[in-house]
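This report refers to the structure that appears directly beneath it.
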Amino acid sequence: MVPPLITLEEHYVSSKVRKHLGDKDPYSHFPEAMISKLSSLSSTRISDMDAGSVRLQILSHGPLDATAALCTEANDELAAATSAHSSRLAGFAMLPMGEPEAAAKELRRCVREHKFVGALINNHLNGTFYDDQKFWPVFAAAEELDVPVYIHPTFASEFDLNFSGNFSAKAAFAMSSAAWSWHSETGLHVLRLWASGLFDKYPKLKIVIGHMGEMLPFQLDRIAVQTKGWDDNVKRDLMTVWRENFWITTSGMFTFPPLRCLVDMIGWEKVMYSVDYPFSTNEQGLNFVKALEISGLATKEQLEGFCHGNAEKLFKISAQD
């Protein structure tokens, strides 16, 4: 029997926020069926959760560089839904990263007033990564509140430079998104944050990344060797930070080879189940968990941690009725 499931990289789009975006709405070209699922904060979403045996879903807004006012509106909309369905839904704050002090203030508000369990932020802000210390008030607030920050892929920072070539526009878009750049840029961002000294400044900071580690586990041994002597001012080495400050979800990936690599590089206690709903289906995820249960790859205790226990400990939540 599959243990209770918690999912962590599960998306929604605020209908209220979209009304303000007009022709700048990045979701205007999405299929109507996808928009319907993204917009649902009640019956459709919960029905889909039931179909995949998901007990608790932590929601986050889809990628969007939003103002402080729009973030507040979206977070309040999400808070109403999590309050109405408190045993099934929880929330990550959407933050105005272009206004770091306002973002830190909004994170504090969402955690203290709405009981959100952390924040999910885009991988970069129009090509600017968060190793710049002007963004660090957000990480300071997260450490102070003892809540994780989930760093999520967004659209490629250098599309024209890296993805214009002798191939179709569809190929270019795929490589600039889920087929490569979303993940490679997020992995790069992790290295930039470490090299900046962020984890020396905030040693108890908790960071979550998805998609089986955004390419890092496969390459990490080589990277760690190469980091020796990068900067003598960075005191905590990369592997220490990786093991102490990072948690990884499986979001959108449902095969064993990357999972084996990930577990070898960080251990079962830091790996958490996720689906990436609605871009992946809860049924896909459930089939993966069922296959994992009979595979022998995880012990019963490890499987329970993967399905819900690790997330319960990290986010101080419960998948139980």
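The values are calculated or read from the model by the stated rules, or taken from the named source; none is laboratory data. Everything quoted here is computed from the prediction, not taken from an experiment. Reconstructed Cβ throughout: ideal geometry from the backbone, glycine too, with neighbour counts over all protein chains shown.
Numerical summary
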quantity	calculated
Sole residue being touching a Lys or Arg at 6+ places or on another chain (Cβ under 8 Å) and farther than 26 Å from Ile248 by Cα, chosen from Glu113, Glu77	Glu77
The lone exception for Arg192 - which of (1) within 30 Å of Ala298 (Cβ to Cβ); (2) in a helix (DSSP H, G or I); (3) of a type outside the set (Asp, Glu); (4) in contact (Cβ under 8 Å) with a residue 12 or more places away in the chain it fails	(1)
Residue count for the range 57-75, restricted to those that are in contact with a helix residue (DSSP H, G or I) (Cβ under 8 Å, 6 or more places away or on another chain) and either in a helix (DSSP H, G or I) or more than 16 Å from Asp25 (Cβ to Cβ) (or both)	10
Selection within the range 195-208 - touching a strand residue (DSSP E or B) at 6+ places or on another chain (Cβ under 9 Å) and either on the phi > 0 side of the Ramachandran plot or assigned to a loop (DSSP other than H, G, I, E, B) (or both)	Leu205, Lys206
Failed item, numbered, when Glu185 is tested on (1) modelled with pLDDT of 95 or more; (2) farther than 18 Å from Val263 by Cα; (3) assigned to a helix (DSSP H, G or I); (4) not aromatic (Phe, Trp, Tyr)	(1)
Residues of the range 18-46 classified as over 15 Å from Ala81 (Cα atoms) and either in contact (Cβ under 8 Å) with a residue 24 or more places away in the chain or part of a helix (DSSP H, G or I) (or both), total	14
All positions within the range 112-134 that are more than 23 Å from Val190 (Cα to Cα) and under 17 Å from the mean Cα position of the chain (by Cα)	Phe116
Options Ala51, Ala102, Ala80: the member that is small (Gly, Ala, Ser), under 25 Å from Tyr273 (Cα atoms), surrounded by fewer than 22 Cβ atoms within 10 Å (Cβ to Cβ) and modelled with pLDDT of 95 or more	Ala51
Hits in the range 211-259 - residues which are in contact with a His (Cβ under 7 Å, 6 or more places away or on another chain) and small (Gly, Ala, Ser)	Ser251, Gly252
Enumerated helices (runs of 4 or more DSSP H) restricted to the range 227-321, each holding at least 2 residues that are farther than 29 Å from Ser42 by Cβ and touching a Phe, Trp or Tyr at 6+ places or on another chain (Cβ under 8 Å)	238-245, 256-266, 282-295
